[in-house]
Amino acid sequence: MQHVARRTALIFVLLGAVPAHAQLILTEGTNITVDVSQSNGMLATDLLGSIWIIPGNGGDAQRISNSVLPARSPRWSPDGRFLVYQAAAAPQTQIWLIDVSSGESEQLSQGQFVDQQPAWHPDGERILFSSERADSGFDLWELDLQSRLSWRISNLPGDEIDGAWSANGRHLAYIHRGNGQWSLMRRRFGQPDEVLFVSADPLHSPSWRPDGTVLTFLQQRPEGIVAQMVILSEPPLIRPLMSGEDYFIAPLSWLDRYRYFYTADGGIRSRGLDERYATRVNFAAAIDSRDRLPQVAVNKQQLVVSSPSTERLIIRAARLFDGNGDDYRYGIDVLIEGGRIVSLEPRRERQDAVILDMGDATMLPGFVDGYSSLRVEGPARTGAELLAYGVTAIVAADATNLDPLFWETGETPGPRLLRAAQVTENPRAATAVVATVPATGNGNRAALQAWQAMGVPVLAESWTTGLSLGADLLLGADTLPTSPRGRRYQDIQMVLGLGPITLMSGLADSATPGLPELLESRQAIHLGRRSLALRRFAAVPDISQREASFVLASKPSGLPAGLALHAEFRALEAAGLAGNKVLKAAGKYAAEALRLQGQIGEIAPGALADLVLVSGDPLARVADAMKIVAVVRNGRFYSLVSLLERVDAASDVE
């Protein structure tokens, strides 16, 4: 009866039948983890980005962390007094420690690094974690709690992740990824590392049975995740342990040598080593719901062409991707006048306009970067640089001193500069197309609603803050939890039921496929931008099963604007999006998210005349979007050669 009542309460919230700030009872979580304390039997889990503790046999969950940063992967200290966990604020991820009795948190790892997957050494004085801080891929590191010194304990070619110490503290297990394969590794005290199991499928989350006789791990097969165990005999024996569930990627957590806990199918499970079926550990977590405002009318802000070309121009190319359909159109003339597209017509002889026939090129809508960090070394140079990368509109989180009109003329061309303001600013005094809630800020619901009431979408850099406040856009397409089978359970279903959410990409890192090729492009070489992104992900994120809309946003990668947009193109393709969806992420979808549809991001009558002409087939291979031949901005035509010459000339002057 109690379970039915909870379900009914949830349905009422989704239907808007309860007032704002009503209390919800959650009994499921998406992609949650669990850890059991061997000292007191209590469970720790991460639900909606906070840390909760639960009695070992189930019951009411108590929230012990309320950080604005999404908390993940809590692990009990050997004495049961503390929990260590990871918290992300793109592009960094740091290790935190929380005192369970007081709820006080402390950041352990420092610096601009990605530190993740924390685990305790059995002595309770050291934290094992995975990090890319040595710029050689992910390695295993340890941190001493008393001195706060850290040191590297692995350095193989490739990545070492998911480290776990045996209960006696003498042996180490971890996952190694390199040369296209995954290996389960063991390091016995005083002996070299050895390979226990090799797979072409991803491996995750090794865990030691307390007596050290068995190692368990997860194998991510095409048909789904399975749990395997290694009997540590001589030679070791691999045996299947569990299959058939929607397993969440997290280590099995052992209470004793017989019983372990894990997460799957939205819940926490308990199982004995010789038991055929698991027991569900029921929990109830009370949270506050917050109703979203209804969607406001779109196109609140009308973009204008402040300095249009007076030339009547026709652009022709072998193929045209208009940004609305899913394939190319052929034999089309794009008629431009006054800085806008007048019409798309079948190709024919004309005497009333200047015709630019681009031969075998492909015509695309100008690229829109939905959220970028814009470092302006010189406004004339930077504007020409961004156009050389095909960026014709950019939402800048910084560069507030730059006059947007500077890039609207033919003398100093650049992309359309769109402002991002913080929600704490006065929406009537600030001109912006998006308002932001920083990852390290709590935000204010009244201020957020004031922006939304003006028709301006709100972007949250932290998904936990964004979901609790009712933001429209969440930064980081990998952050909103989705299970390995692409399912969302009660927690995320509830939040998404309160209103539509769009995910900003932020997926590129130094391991993004094709990034070395990108850095060898003509633009990157000529412009001298050879910076590498941070290494942020142990594996390429998979977003192919997610039903949300994606908008390209390059800020988390740390790469310079322009180059960063093309890194995001490659990252989105590697994450499972088809070519047309990738281009729409920097086109139609971006325009819709910014409530500027019909104006940018598409080639259609009435839209701004911002176009990119490339060689190749970017629908089949998104890297071809980098093969830029020319850019049209405000109806003015610029060849790539002329843009690079402008960069050189501006550099000499500035």
Report yes if some residue within region 235-254 is assigned to a strand (DSSP E or B) and at positive phi; otherwise report no.
no
Please enumerate the residues belonging to region 236-280 that are aliphatic (A, V, I, L, M), surrounded by 18 or more Cβ atoms within 10 Å (Cβ to Cβ) and more than 19 Å from LEU184 (Cα to Cα).
ALA264, ILE268, ALA278
Which numbered condition trips up VAL230, out of (1) surrounded by fewer than 16 Cβ atoms within 10 Å (Cβ to Cβ); (2) within 14 Å of TRP208 (Cα to Cα)?
(1)
Could we say that ALA567 is farther than 19 Å from ARG340 by Cα and in contact with a helix residue (DSSP H, G or I) (Cβ under 7 Å, 6 or more places away or on another chain) here?
yes
Inside region 157-184, can you point out the residues that are more than 27 Å from the chain's Cα centre (by Cα) and more than 15 Å from VAL230 (Cα to Cα)?
TRP165, ALA167, ASN168, GLY169, ARG170
With region 608-654 as the region, which strands (runs of 3 or more DSSP E) entirely inside it contain at least 1 residues that are at pLDDT 95 or above, surrounded by 23 or more Cβ atoms within 10 Å (Cβ to Cβ) and touching a strand residue (DSSP E or B) at 6+ places or on another chain (Cβ under 8 Å)?
611-614, 628-633
List every residue pair whose Cβ atoms sit under 6 Å apart, with the two residues 6 or more apart in sequence or on different chains, where the first one lies in region 135-163 and is assigned by TED's automatic domain parsing to the domain that holds ARG535 and of a type in the set (D, E, K, R) and the second, anywhere, is assigned to a strand (DSSP E or B) and modelled with pLDDT of 95 or more.
none
Give the number of residues within region 536-580 that are modelled with pLDDT of 90 or more, touching a Gly at 6+ places or on another chain (Cβ under 6 Å) and surrounded by fewer than 24 Cβ atoms within 10 Å (Cβ to Cβ).
1
For region 340-373, how many residues meet the condition of being outside any strand (DSSP E or B) and surrounded by fewer than 22 Cβ atoms within 10 Å (Cβ to Cβ)?
11
Within region 591-607, how many residues turn out to be surrounded by fewer than 23 Cβ atoms within 10 Å (Cβ to Cβ) and more than 16 Å from ILE341 (Cα to Cα)?
2
Out of the residues in region 81-129 that are modelled with pLDDT under 95, in a strand (DSSP E or B) and among the hydroxyl-bearing types (Ser, Thr, Tyr), state the one that is surrounded by the most Cβ atoms within 10 Å (Cβ to Cβ).
THR93
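The values are calculated or read from the model by the stated rules, or taken from the named source; none is laboratory data. Keep in mind that what you see is a predicted model, and the values were worked out from it rather than measured. Cβ atoms come from the backbone with ideal geometry, glycine included; neighbour counts cover every protein chain shown.
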